[in-house]
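To start, the structure itself, in structure tokens.
The values are calculated or read from the model by the stated rules, or taken from the named source; none is laboratory data. Keep in mind it's a predicted model, so treat the numbers as computed, not measured. Please note: Cβ atoms are built from the backbone with ideal geometry, for glycine as well, and neighbour counts cover all protein chains shown.
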Amino acid sequence: MDGIVGIYGPGDPDLVNKTFLATGACQHRGKASTGLAIGTKKGIYIHKGLGRIAEVIDYNIIRNFQDLEPLAAIGNIGYTKRKIAEKTNAEPIEIVPRTGANLKVVLTMDGYLIKDDDLKAELENDYILQTDNKTEIVGAFLHKYLNEGGITFEAGKKLIDKLYGRATFALTALIYDGKEIHLVALNDAKAFEPFCYAMIQDTFVASSESCSHRRLEGITEKEYEGAEMTLCSSRGCETKRLREESLLPDIFQGVYFGNVGSQFRGKEIFQLRRELGLELVDQYKTSVADVVIPNPESGWGVTVGIAEGLKKNLFPALIKLPQAVRTFQEGERATRSKEVGLKFGGVESLLRNKNVAMGDDSIVRGSVSEGGSVWVTYNAGAKYIEFWVSYGPMFFPSFKEWHRGPECLQELAVQRAFRGGNPYDKTLEEINKGVAKLIGVDEVKYNTQERIQKAAGSGSFQALDASYPIEQKFWPDWLKKEFDRFALYRK
């Protein structure tokens, strides 16, 4: 879930700084690495490293890159792809053909590719693959099709068709043909990953999120449909849709991962989350809570809706501490439990002897709630906790976790709550009680898929019902077996 940006603006005296600001606006998407690449009349130049954008890109880099008179630029905020971030996997990535090629391609991508061994084998005679990053494989095929047929929409269509059913992606790429720089923006046929664009004072800006356009004082013109490609060159910028498919946007990115000020399929994410809170209140009707508090930071939106619906006071009684570390992708539960204890502080004057309704975006593994916010809230004196959850019970892992094997299924809170049994034949009330016991609260109140869809629209609810953007022939065997068990009770 990287943040990516692509900008085309020949003659724009502030092009590099705009790329820095637009990329930095996506910082919430990742903190592992940062990179910028610029395209000039003489070629493409890259600067990248580990850390947040302000740690990797400074004023001197921006000034020096701008002095090279860039025509276009791309940027990346890298989400953690490994337990330990590695500079070799940082983006943007330059594609390296084994023999001379007419084109130089540098790209960055938000997305994921499943089972790539056959694809690597297909590329190995023509390309030197230098990283463990899926982006490089996608980029090599893009280079191949561009080199064979020219810088055309047809090359983009070939890439979409090649990866159909086994990858999701939104990408930006700089292409140098020895004479000029071209910018490409392209996404997969299902539009699973968020991607949008705008023209801001004659400069084209594509980004993972509309908050980038706001940062540049612009307004998003359009969210990309599936299989949509923009090609920018000295002839201008043109956008075409290359394949007609029903869309399958990742609903969880609206519920949890998006910036609250961004648009998600036409709706502001904060309002989407607020509506999820109102739907929860409409579903459960009553509460014994004296106060409503968010589980920061992504729990704020749903909690506003919960407080509004219950007509109860909303207080910031949990504080995210400066030493907080990102634990979402930490694989070891014991490590996560220790780290989440560093995340939060509780305001005793707001919590002591109170019945508390705590709002959160989701319960994935449960360790952040169990070892962090829940413990801190009780430790500050709360006597009762209702845990309201904007998303539904998560039965299945993200397909981006499949490479870890069955562990990514078994560690989910709903699976742990009914270990040795079957979560799929349980009612929502039974699931609420089971997960409440697991994470140590008095009540859990999950949302339903129907109500989530009412607020967020149609799309992929992969964790709730295995509606993956990946064709079943690419699923691991352990997941196919689990889905059959799910379907026996839920379909």
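A few points about this structure:
- Yes/no for G457 being at pLDDT below 95 and not acidic (D, E): no
- In segment 268-308, residue surrounded by the fewest Cβ atoms within 10 Å (Cβ to Cβ) [restricted to those that are more than 16 Å from the chain's Cα centre (by Cα) and of a type in the set (S, T, N, Q)]: T286
- Of the residues in segment 197-217, at least one is touching a Leu at 6+ places or on another chain (Cβ under 6 Å), among the β-branched types (V, I, T) and surrounded by 19 or more Cβ atoms within 10 Å (Cβ to Cβ).
- Residues that are closer than 29 Å to Q253 by Cβ and not in a strand (DSSP E or B), drawn from segment 89-110: N89, A90, E91, P92, I95
- Members of segment 222-267 found to be touching a helix residue (DSSP H, G or I) at 6+ places or on another chain (Cβ under 6 Å), surrounded by 17 or more Cβ atoms within 10 Å (Cβ to Cβ) and under 30 Å from N295 (Cβ atoms), listed by number: I251, G254, G258, N259, V260, S262, F264
- Only helices (runs of 4 or more DSSP H) whose full extent lies in segment 6-67 are considered here, and the ones with at least 3 residues that are closer than 21 Å to S210 by Cα are 15-24.
- Of all residues making up segment 19-42, the number that are in contact with a Gly (Cβ under 9 Å, 6 or more places away or on another chain), of a type outside the set (A, V, I, L, M, F, W, C) and either buried (at least 24 other Cβ atoms within 10 Å of the Cβ) or farther than 13 Å from I62 by Cβ (or both): 10
- From the list G165, G156, the lone residue that is touching a residue at least 40 places away in the same chain (Cβ under 8 Å) and within 15 Å of V184 (Cα to Cα) is G156.
Conditions tested, residue by residue: (1) at pLDDT 95 or above; (2) of a type outside the set (S, T, Y); (3) over 25 Å from the mean Cα position of the chain (by Cα).
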position: D425; (1), (2), (3): yes, yes, yes
position: L428; (1), (2), (3): yes, yes, yes
position: A436; (1), (2), (3): yes, yes, yes
position: G440; (1), (2), (3): no, yes, yes
position: P469; (1), (2), (3): yes, yes, no
position: K473; (1), (2), (3): yes, yes, no
position: K481; (1), (2), (3): yes, yes, yes
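- Residue that is modelled with pLDDT of 95 or more and outside any helix (DSSP H, G or I), where the choices are I137, I74: I74
- Qualifying residue in segment 78-88 (condition: part of a helix (DSSP H, G or I), charged (D, E, K, R) and at pLDDT below 95): yes
- Against the test of being surrounded by 13 or more Cβ atoms within 10 Å (Cβ to Cβ), at pLDDT 95 or above and of a type outside the set (G, A, S), the options K320, K354, K338 yield a single qualifying residue, K354.
- Residue that is nearest to D116 (Cα to Cα), among those in segment 375-395 that are among the aromatic types (F, W, Y), out of contact with any Phe, Trp or Tyr (no Cβ under 8 Å at 6 or more places or on another chain) and not in a strand (DSSP E or B): W375
Okay, residues lined up against (1) among the aliphatic types (A, V, I, L, M); (2) crowded, with 20+ Cβ neighbours inside 10 Å; (3) in contact with a Leu (Cβ under 7 Å, 6 or more places away or on another chain); (4) within 30 Å of R235 (Cβ to Cβ):
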{"residue": "L68", "(1), (2), (3), (4)": "yes, no, no, yes"}
{"residue": "T80", "(1), (2), (3), (4)": "no, no, no, no"}
{"residue": "T88", "(1), (2), (3), (4)": "no, no, no, no"}
{"residue": "P92", "(1), (2), (3), (4)": "no, yes, yes, yes"}
{"residue": "V105", "(1), (2), (3), (4)": "yes, yes, yes, yes"}
{"residue": "D118", "(1), (2), (3), (4)": "no, no, no, no"}
{"residue": "E122", "(1), (2), (3), (4)": "no, no, no, no"}
{"residue": "G139", "(1), (2), (3), (4)": "no, yes, yes, yes"}
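- Residue list for segment 384-409, filter: buried (at least 16 other Cβ atoms within 10 Å of the Cβ) and without any contact (Cβ under 8 Å) to a residue 12 or more places away in the chain: E401, C408
For (1) in a helix (DSSP H, G or I); (2) hydroxyl-bearing (S, T, Y); (3) more than 15 Å from D360 (Cα to Cα), each residue gets a yes or a no:
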| position | (1), (2), (3) |
| --- | --- |
| Q253 | yes, no, no |
| Y256 | yes, yes, no |
| R273 | yes, no, no |
| E279 | yes, no, no |
| D282 | yes, no, yes |
| T303 | yes, yes, no |
| A307 | yes, no, no |
| K312 | no, no, yes |
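- Tabulated pairs, segment 103-127, first on the phi > 0 side of the Ramachandran plot, second surrounded by 21 or more Cβ atoms within 10 Å (Cβ to Cβ) and hydrophobic (A, V, I, L, M, F, W, C), C-beta under 6 angstrom, 6+ apart or interchain: G111/F169
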